[in-house]
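Below: the structure, in structure tokens.
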Amino acid sequence: QVQLVESGGGLVQAGGSLRLSCAVSENIFNFNAISWYHQAPGLQRELVASINVGGRTNFGDSVKGRFTISRDNAVNTVYLQMSSLKPEDTGVYYCTATILSRQYWGPGTQVPVSS
């Protein structure tokens, strides 16, 4: 069973930075892509950033220029570096791993951004 565990969430002031980590129980190259999703209170989950097996990255429009995604293959961990945070970035951040049609999710980590 694939397991993903997010960490690094916590209260941050608007304009601040935070780095989230996603530890994957398997070799991250086993998956087509590792992605981060954001779910704001009362809203649906939205894609924030993804990195595929080849290293290509993709970002949601609302975070372009502010967030970056990277990985450490040696420890099977993917990071989401968040900068210039806004109150609308508040919510739960989930890490997912995709292989073919299957998508595995972590439990999420909370990120409240105060104004």
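The values are calculated or read from the model by the stated rules, or taken from the named source; none is laboratory data. Remember, it's a predicted structure, so these values are computed and weren't measured experimentally. Glycine gets a Cβ as well: all are built from the backbone with ideal geometry, and neighbour counts include every protein chain shown. Surface accessibility is based on the protein's heavy atoms, side chains included, excluding ligands, DNA and RNA. Shrake-Rupley method; radii C 1.70, N 1.55, O 1.52, S 1.80 Å.
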Single residue of Arg19, Arg56, Arg45, Arg66 found to be out of contact with any Cys (no Cβ under 8 Å at 6 or more places or on another chain), open to solvent by less than 40 Å² (accessible area, probe 1.4 Å), at pLDDT 95 or above and charged (D, E, K, R): Arg66
Check on Ser21, part of a helix (DSSP H, G or I) and among the hydroxyl-bearing types (Ser, Thr, Tyr): no
Tally, over the range 23-35, of residues that are in contact with a helix residue (DSSP H, G or I) (Cβ under 9 Å, 6 or more places away or on another chain) and surrounded by 14 or more Cβ atoms within 10 Å (Cβ to Cβ): 4
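Give the residues of the range 69-95 that are among the polar types (S, T, N, Q) and surrounded by 18 or more Cβ atoms within 10 Å (Cβ to Cβ), sorted by residue number. Steps first, please.
Filtering the range 69-95 down to residues among the polar types (S, T, N, Q) leaves 70, 73, 76-77, 81, 83-84, 90.
The answer is Asn76, Thr77, Thr90.
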Single condition Glu26 does not satisfy, out of (1) farther than 30 Å from Ser115 by Cβ; (2) assigned to a strand (DSSP E or B): (2)
Residue tally, condition touching a residue at least 24 places away in the same chain (Cβ under 8 Å) and either closer than 18 Å to Val113 by Cβ or among the charged types (D, E, K, R) (or both), over the range 46-62: 3
